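**Q** The structure under discussion is supplied below as structure tokens; questions concerning it will follow.
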Amino acid sequence: MASMSRRSLIVALFCCTGLTGCASVRTVPASAHRYRIEVALDPAAHTLTGRTTMDLSLAIPEPSTQTPDEPTTIAFRLHPGLTVRNVTVAGAVVRSHRNLGPDKDSTSKPTPNRHIVTLDHPAETITLFVTYDGTIHQDVSAGEKAGEIHNFDMTAHVGEEGIYLNGAYWHPQPIEGDDATPLADYTLLASPIDGMALVGGGISNPALSEQTGMLTWQSPFPLTDMVLVGGPHDVHKASHGDVSIALHLKPDQAQFRDGLMQAVRRNLDRYEPLIGKYPTTEYTIVDNFFSSGFAFPTFTLLSSAVINMGERSQTAHGYIDHEMLHSWWGNGIMVDPEDGNWCEALTSYATNYYGHVLDGEEDEARRKRRNYAHFLSRMKPERDRPLGTYGQEDGCSRGVSYSKGAAVFHMLAMTIGQDNFWAAMREFTQKFVGRYASWEDIREVCETHGATTLDTFFKQWIRSSGAPTLEITGATYHSADQVLRLDVSQGDTDFDLNVPVRIIHAAGTTDVNVHINQSTQTVELPMAVVPITVELDPDYHVFRKVPSAAILPTTAATRYGDKFTVVLPSDGSPKTYETLRSIFESSFEENERTAIPAGEQNETALAKRCVLVLGDAVRNPYVAAFLSAVEFPVSWDDDGFQVSGVRYDAPDDGILCTIAHPGVPGGGITVVYGNSESGIPKAMNVPMYEHSLVIFDKTKPTVRLDFEKHTTVTVTPAQ
Ligand SMILES: [Zn+2]
């Protein structure tokens with residue numbers, strides 16, 4: 001911590017009335033290393049009253065460039081709904097405080113106001129006291145979008161439905177130089193609110209609470225910011241080892257208490273041995289009033305919808321386990337803003353993917369690896385940017401970060417050895433909690449534990465875009481010298497790869513790895529038995545692009561390209577079908593969409609466009625003829641449907657099915673249908689099913705199928 005050489009100069013306030021004559025004054029960058037934020041909130045009135053104390057270091061120019069009498073200004077930002085009432089400083093004399101209005105240099109929403117404070121004779125470290133109050137209120141529903149799981153529009157809101165203060169300058173923050181936000185110590189004090197439970201992004205400080213009568217939180221290690229949330233919740237408490245667990249749930253969510261507690265305990269038990277001790281001593285799950293799965297240093301904010309999923313969100317991978325691991329990666333070890341965001345890729349790998357490995361579900365793990373490759377294969381070349389650029393300006397997409405990122409960490413673990421990888425992650429935790437870390441720091445710990453250099457690996461997978469397109473273009477067996485010769489192509493790339501090859505022969509199956517590092521290459525494998533077929537990497541251990549005809553059809557296919565047709569049902573268009581229509585249409589420009597009303601006929605709108613068929617439109621004779629012509633694997637009769645010889649005629653039965661559209665490369669045909677309204681799958685969930693076919697009973701999936709194509713190559717005898 002900075003030691004403060006304070007001059008005891010507490011100076012009068014100037015509220016929003018600027019003094020003139022400051023034109024020549026320069027603003028020096030100020031960085032805060034300690035904050036004390038005190039707030040009182042009134043949810044019914046949407047108001048916040050606050051007082052923030054900041055210990056600041058000033059980058060004061062050399063005496064030669066500034067005369068001793070020349071004043072210095074520092075600047076801070078504050079939410080536009082908040083009015084500064086008082087500014088005082090210890091360590092300088094305040095000449096004036098002015099609110100300059102919206103700060104165009106800030107990208108934060110809503111645009112904060114820029115305040116400047118003009119000082120005489122500032123010390124290099126000063127303490128700034130700011131009191132302020134005002135209204136903080138957002139239209140919560142405006143940011144809720146069909147098919148999206150996070151409402152990223154929410155930044156700062158005080159209301160009876162809940163409190164969410166995360167960024168948006170809900171407390172004053174100094175304007176730094178160009179460097180990364182310095183990590184700081186935070187103390188947050190909030191007045192208790194009747195009927196609301198509050199949670200801050202730190203660990204509670206009982207002594208300070210006792211002393212002040214307020215709720216208090218302290219950063220467990222230096223942080224980039226402090227956050228405060230709350231809602232009309234009951235608080236359930238437990239502990240696991242030395243970690244205190246709390247659940248902040250609405251009264252009607254009490255039924256999920258035991259399952260959630262168990263999930264938190266299970267994840268601690270699973271991951272602490274792999275990645276090191278949980279970095280703090282408190283962990284809370286908080287029910288949230290808008291769509292979210294957001295992780296903060298000591299708590300996770302989950303949508304009510306996610307909590308209300310019950311067992312599924314407690315045990316499925318990518319929900320609670322994912323958010324909990326951000327306590328290590330993202331909130332415990334912070335992403336170095338000078339480099340791309342590595343924490344989503346690493347967290348997705350360890351939970352969304354590796355959770356299945358920990359469960360012993362190799363089929364599911366394979367499915368994830370395959371889907372990562374397939375889904376990214378559809379990406380337009382201009383959107384395919386290096387994994388290492390996530391979160392940076394013009395950086396890669398979320399899909400690259402979460403999916404390719406998880407696949408890249410799988411390959412990294414395979415390259416250095418799975419156990420070595422976890423040992424590297426334990427060292428990463430030990431070394432970097434409370435600090436910024438970059439991709440290079442990850443490379444270093446992995447190189448140490450893998451005892452190998454990873455320059456090439458990081459260059460091709462993290463610093464470069466693209467992926468190889470692996471193909472066996474020729475396979476011959478030379479019986480005289482017992483050699484299998486494979487011509488392997490990887491398309492335009494020359495990645496350095498160890499590629500698994502599966503060889504089927506009369507005696508069974510042999511899996512081998514071949515090393516390639518050129519765009520086309522011939523490799524020779526000694527084989528005592530005569531091989532029949534070969535298949536490249538059938539289990540998708542290497543992240544790669546597959547040709548569009550081989551991409552697994554899912555709803556993503558039907559949302560691809562630039563032409564879309566929806567065929568509407570006649571049965572009163574239940575709301576679910578309406579929502580589904582808008583979810584799919586949101587992937588297309590308005591002039592790319594066509595809607596065919598119930599009963600109308602328009603064959604040309606089906607032949608060369610992605611197609612969504614809803615409800616009883618499947619029984620429209622011309623739609624039925626189209627589906628039959630494209631060999632759609634589902635058939636319908638008067639009161640049900642049939643798949644692979646099994647008939648589903650209960651009113652609660654429903655189906656979601658997608659096949660590749662033979663007339664649209666990379667595109668799809670999707671049908672969503674319920675035997676009655678209760679059988680139609682939930683619209684918001686439809687885009688999230690990564691399967692070709694799902695059958696539902698009362699909207700719960702009961703059957704899941706993937707229409708996957710395997711590419712095996714027949715081995716020919718050498719001439
Ligand atoms: Zn995440």
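The values are calculated or read from the model by the stated rules, or taken from the named source; none is laboratory data. Computed from a predicted structure; not experimentally measured. Glycine gets a Cβ as well: all are built from the backbone with ideal geometry, and neighbour counts include every protein chain shown.
**Q** Could you list all residues from the stretch 394-430 that are among the small types (Gly, Ala, Ser), assigned to a helix (DSSP H, G or I) and modelled with pLDDT of 95 or more?
**A** Filtering the stretch 394-430 down to residues among the small types (Gly, Ala, Ser) leaves 395, 397, 399, 401, 403, 405-407, 413, 417, 423-424.
Then keep just the ones that are assigned to a helix (DSSP H, G or I); that gives 399, 401, 403, 405-407, 413, 423-424.
Correct list: Ser401, Ser403, Gly405, Ala406, Ala407, Ala413, Ala423, Ala424.
**Q** Does at least one position in the stretch 438-454 carry a residue that is outside the structural domain of Lys380 (by TED's automatic domain parsing) and either surrounded by 20 or more Cβ atoms within 10 Å (Cβ to Cβ) or of a type in the set (D, E, K, R) (or both)? Spell out how you get there, then give the answer.
**A** Step one: of the stretch 438-454, the residues outside the structural domain of Lys380 (by TED's automatic domain parsing) are none.
Looking through the stretch 438-454, none of the residues is outside the structural domain of Lys380 (by TED's automatic domain parsing) and either surrounded by 20 or more Cβ atoms within 10 Å (Cβ to Cβ) or of a type in the set (D, E, K, R) (or both).
**Q** May I pose another question? Name every residue in the stretch 112-139 that is β-branched (Val, Ile, Thr) and over 22 Å from Ser31 (Cβ atoms), in order of residue number.
**A** Of the residues in the stretch 112-139, the ones β-branched (Val, Ile, Thr) are 116-118, 125-127, 130-131, 135-136.
Of everything in the stretch 112-139, those that are β-branched (Val, Ile, Thr) and over 22 Å from Ser31 (Cβ atoms) turn out to be Thr135, Ile136.
**Q** Within the stretch 369-400, which residues are surrounded by 24 or more Cβ atoms within 10 Å (Cβ to Cβ), under 17 Å from Trp329 (Cβ atoms) and not aromatic (Phe, Trp, Tyr)?
**A** Matches in the stretch 369-400: Leu387, Gly388.
**Q** Might you check whether a residue that is under 24 Å from the mean Cα position of the chain (by Cα) and polar (S, T, N, Q) occurs anywhere in the stretch 205-219?
**A** Quick first cut of the stretch 205-219, residues under 24 Å from the mean Cα position of the chain (by Cα) only: 219.
Okay, now just the ones that are also polar (S, T, N, Q), so 219.
Yes; the residues of the stretch 205-219 include at least one that is under 24 Å from the mean Cα position of the chain (by Cα) and polar (S, T, N, Q).
**Q** Would you confirm whether or not the stretch 188-201 contains a residue that is crowded, with 16+ Cβ neighbours inside 10 Å, at pLDDT 95 or above, in contact with a Leu (Cβ under 9 Å, 6 or more places away or on another chain) and in the same structural domain as Leu78 (by TED's automatic domain parsing)?
**A** The answer is no, given that none of the residues of the stretch 188-201 is crowded, with 16+ Cβ neighbours inside 10 Å, at pLDDT 95 or above, in contact with a Leu (Cβ under 9 Å, 6 or more places away or on another chain) and in the same structural domain as Leu78 (by TED's automatic domain parsing).
**Q** Residue pairs, Cβ under 6 Å, 6 or more apart or interchain, first in the stretch 452-480 and closer than 30 Å to Pro717 by Cα, second acidic (Asp, Glu) and modelled with pLDDT of 95 or more. List them.
**A** Thr473/Asp487; Gly474/Asp487
**Q** Confirm whether Ser348 is more than 11 Å from the ligand (Cβ to nearest atom) and under 27 Å from Glu144 (Cβ atoms). If you could, list the steps in order and put the result at the bottom.
**A** Values: more than 11 Å from the ligand (Cβ to nearest atom): no; under 27 Å from Glu144 (Cβ atoms): yes.
The answer is no for Ser348.
**Q** Moving to a separate point now. Counting only residues that are more than 9 Å from the ligand (Cβ to nearest atom) and of a type outside the set (Phe, Trp, Tyr), how many does the stretch 319-328 have?
**A** Quick first cut of the stretch 319-328, residues more than 9 Å from the ligand (Cβ to nearest atom) only: 319-321, 324, 327-328.
Checking which are of a type outside the set (Phe, Trp, Tyr) leaves us with 320-321, 324, 327.
So the answer is 4.
**Q** Related question: Contact list please: Cβ distance under 6 Å, first residue in the stretch 544-567 and more than 20 Å from Arg593 (Cβ to Cβ), second residue surrounded by fewer than 24 Cβ atoms within 10 Å (Cβ to Cβ) and among the β-branched types (Val, Ile, Thr), pairs at least six apart or on different chains.
**A** Note: pairs meeting the criteria are Lys545/Thr469; Pro553/Ile659.
**Q** Looking at Arg385, Arg426, Arg366, which is the one that is touching a Cys at 6+ places or on another chain (Cβ under 9 Å) and more than 16 Å from the ligand (Cβ to nearest atom)? Break it down into steps so the answer makes sense when it comes.
**A** Values: Arg426 fails: touching a Cys at 6+ places or on another chain (Cβ under 9 Å); Arg366 fails: touching a Cys at 6+ places or on another chain (Cβ under 9 Å).
Exactly one residue qualifies, and that residue is Arg385.
**Q** For the stretch 605-626, does any single residue satisfy the condition of being among the polar types (S, T, N, Q) and either within 35 Å of the chain's Cα centre (by Cα) or part of a helix (DSSP H, G or I) (or both)? Give the derivation first.
**A** Taking the stretch 605-626 and keeping what is among the polar types (S, T, N, Q), we get 620.
Now narrow it down to the ones that are either within 35 Å of the chain's Cα centre (by Cα) or part of a helix (DSSP H, G or I) (or both): none.
No, that holds for no residue.
**Q** Can you tell me which residue is nearest to Ile695 (Cα to Cα) among those in the stretch 637-666 that are out of contact with any strand residue (DSSP E or B) (no Cβ under 7 Å at 6 or more places or on another chain) and not in a loop (DSSP other than H, G, I, E, B)?
**A** Let us first name the residues in the stretch 637-666 that are out of contact with any strand residue (DSSP E or B) (no Cβ under 7 Å at 6 or more places or on another chain), namely 637-639, 644-646, 650-651, 662-663, 665-666.
Pick out the ones that are also not in a loop (DSSP other than H, G, I, E, B) and you get 637, 646.
On the way: Asp637: 16, Val646: 11 Å.
Across the stretch 637-666, the extreme among qualifying residues is Val646.
**Q** Looking only at residues that are among the polar types (S, T, N, Q) and more than 15 Å from the ligand (Cβ to nearest atom) in the stretch 289-318, which one is farthest from Gly162 (Cα to Cα)? Give the steps one after another, and end with the answer.
**A** Start the filter on the stretch 289-318 by keeping residues that are among the polar types (S, T, N, Q), which leaves 291-292, 298, 300, 303-304, 308, 313-315.
With more than 15 Å from the ligand (Cβ to nearest atom) added as a condition, the list becomes 298, 304, 308, 314-315.
On the way: Thr298: 18, Ser304: 12, Asn308: 17, Gln314: 23, Thr315: 26 Å.
So, considering only residues that are among the polar types (S, T, N, Q) and more than 15 Å from the ligand (Cβ to nearest atom), the one farthest from Gly162 (Cα to Cα) is Thr315.
**Q** Yes or no: Gln211 surrounded by fewer than 19 Cβ atoms within 10 Å (Cβ to Cβ), within 30 Å of Phe421 (Cα to Cα) and modelled with pLDDT of 95 or more? Outline the logic, then answer.
**A** Numbers: surrounded by fewer than 19 Cβ atoms within 10 Å (Cβ to Cβ): yes; within 30 Å of Phe421 (Cα to Cα): no; modelled with pLDDT of 95 or more: yes.
No.
**Q** Going through the stretch 126-164 one residue at a time, which ones are of a type in the set (A, V, I, L, M, F, W, C) and closer than 29 Å to Ser586 by Cα?
**A** Taking the stretch 126-164 first, the residues of a type in the set (A, V, I, L, M, F, W, C) are 126, 128-130, 136, 140, 142, 146, 149, 152, 154, 156, 158, 163.
Of everything in the stretch 126-164, those that are of a type in the set (A, V, I, L, M, F, W, C) and closer than 29 Å to Ser586 by Cα turn out to be Val140, Ala142, Ala146, Ile149, Phe152, Met154, Ala156.
**Q** (1) within 14 Å of the ligand (Cβ to nearest atom); (2) under 26 Å from Ala263 (Cα atoms); (3) in contact with a Gly (Cβ under 9 Å, 6 or more places away or on another chain): which one isn't true of Val335, the others all being true?
**A** (2)
**Q** Could you list all residues from the stretch 518-553 that are at pLDDT below 95 and among the polar types (S, T, N, Q)?
**A** Passing the criteria: only Ser548.
**Q** In the set Ser489, Ser465, which member is touching a Cys at 6+ places or on another chain (Cβ under 8 Å) and surrounded by 14 or more Cβ atoms within 10 Å (Cβ to Cβ)?
**A** Values: Ser489 fails: touching a Cys at 6+ places or on another chain (Cβ under 8 Å).
So the residue among Ser489, Ser465 that is touching a Cys at 6+ places or on another chain (Cβ under 8 Å) and surrounded by 14 or more Cβ atoms within 10 Å (Cβ to Cβ) is Ser465.
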